[in-house]
Amino acid sequence: MLDALVAGLLTGLSLIVAIGAQNAFVLRQGLLRQHVGPVVAVCAVSDLVLIGAGVVGIGEIVQHAPTALDVVRWLGVAFLTAYGVRSLWRAGHPDALTASSEAEPRLRGALVQTVALTWLNPHVYLDTVLLIGSIAAHHGPSGKWWFGAGAGLGSIVWFTGLGYGARLAAPLLSRPGAWRVLDVLIGLTMLTIAYQLARG
């Protein structure tokens with residue numbers, strides 16, 4: 001039981017720790033201190049739903065639905081490209097680099113972006129649903145749920161730490177030049193992931 005829980009925790013963390021589109025967005029929201037709680041909650045709950053689906057066995061359905069994955073893939077390419085271009089544009093316009101609450105976007109907009117970055121990424125279905133689901137199955141009928149619980153705990157810990165821990169780096173990003181560098185990195189990350197998705 002404990003072995004399955006720890007294995008799930010380590011597997012879950014290994015799959016989400018790499019800086020990707022979703023993590024970059026959570027990091028930026030954390031640095032700006034804008035809607036951090038709701039954004040973190042959407043990411044964590046989404047992961048819990050996807051992990052649960054994988055443990056139940058929906059991973060097999062995903063594996064046999066290439067058309068659905070293709071649709072999600074191209075939607076993801078379009079969204080990531082638009083977001084990447086927007087980040088690069090923001091980096092080139094100093095007046096758009098403010099981190100003050102005056103320019104704080106609406107909660108709805110932040111949540112829509114979070115949902116899109118999470119659910120329009122085909123890798124989330126392959127990694128979170130299919131991979132975690134298949135590994136969980138090896139732990140037996142009861143062990144797979146402990147494995148899933150560990151993976152879910154890993155997601156909650158990671159997104160909470162990333163969102164709320166980002167403020168520790170805020171002093172380093174107190175100048176517009178630092179935000180310009182961050183937005184360039186985020187924009188390039190988004191465009192790179194979009195390119196990789198487009199290539200299949």
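The values are calculated or read from the model by the stated rules, or taken from the named source; none is laboratory data. Because the structure is predicted, anything quoted here is derived from the model rather than measured. Cβ: placed from backbone, ideal geometry, glycine included. Neighbour counts: every protein chain shown.
All but one of (1) more than 18 Å from L131 (Cα to Cα); (2) at pLDDT 85 or above hold for A53, so report the exception by its number.
Among (1) more than 18 Å from L131 (Cα to Cα); (2) at pLDDT 85 or above, A53 violates only (1).
Kindly check whether there is at least one residue in segment 135-147 that is in contact (Cβ under 8 Å) with a residue 40 or more places away in the chain, within 17 Å of the chain's Cα centre (by Cα) and either farther than 18 Å from G52 by Cα or crowded, with 20+ Cβ neighbours inside 10 Å (or both).
No, because not a single residue in segment 135-147 is in contact (Cβ under 8 Å) with a residue 40 or more places away in the chain, within 17 Å of the chain's Cα centre (by Cα) and either farther than 18 Å from G52 by Cα or crowded, with 20+ Cβ neighbours inside 10 Å (or both).
Which one is farthest from G20 (Cα to Cα), of the residues in segment 152-169 that are of a type outside the set (A, V, I, L, M, F, W, C) and buried (at least 21 other Cβ atoms within 10 Å of the Cβ)? Full working, then the answer.
As a first pass, look at segment 152-169 and keep what is of a type outside the set (A, V, I, L, M, F, W, C): 152, 154-155, 160-161, 163-165, 167.
So of that shortlist, the ones also buried (at least 21 other Cβ atoms within 10 Å of the Cβ) come out as 152, 154-155, 163.
Numbers: G152: 18, G154: 16, S155: 14, G163: 14 Å.
Applying the filter and picking the extreme gives G152.
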